[in-house]
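Every number here is computed from the coordinates shown, using simple stated rules; none is lab data. Everything quoted here is computed from the prediction, not taken from an experiment. Ideal geometry is used to build each Cβ from the backbone, glycine not excepted, and the neighbour counts take in all protein chains shown.
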Amino acid sequence: MVFNTGAALLDAIVLAIVSTDAEGTYGYKITQDVRNVIEISESTLYPVLRRLQKEECLEVYDKAFDGRNRRYYKITEKGRVQLNLYKSEWAGYSQKITRIFEEAHI
């Protein structure tokens, strides 16, 4: 992708992905789901998950899977509020950018 992904947009994408499962989802799956949208490395994603946890937008719990623990991330109520703010901001922002592109003469 030619466009840089800022921290706020990455936070919004991660919160949106985690919010799709009421029980939460694990780090590797989040990485794969994010990679379906944008190019990102695990080394970039895990600090985002930790930051969102520190900001109380995500809660974390471990669950046994194939004889070992898998770390799950679940959106909190604060995270839902933040996601709604991101969605609202994105709607207006993307509409403005789309309008500019549509008006461009190529």
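Restricting to lysine pairs 8 or more places apart or on different chains, what number in the chain have Cα atoms under 30 Å apart?
15
Based on the Cβ-Cβ distance of K54 and I100, what FRET efficiency does E = 1/(1 + (r/R0)^6) give at R0 = 25 Å, to the nearest 0.05?
Working from the Cβ atoms, E equals 0.10.
Could you check the simple spin-label distance between R71 and A7, using points 7 Å along Cα→Cβ, in nm with one decimal?
The two pseudo-label positions are separated by 1.9 nm.
What order do you get for 14-26, 66-78 when each peptide is scored by the mean count of other beta carbon atoms within 10 Å, highest first?
Per-residue Cβ counts within 10 Å, averaged per peptide and sorted highest first, yield 14-26, 66-78.
For the stretch 7-103, what mean projected area does the convex hull of the alpha carbons give, in nm²?
Answer in nm², one decimal: 6.8.
At most 14 other Cβ atoms within 10 Å and a DSSP loop assignment: could you name the GluC sites (Glu not before Pro) in the stretch 25-70 that fit?
Answer by residue number: E39, E55, E56.
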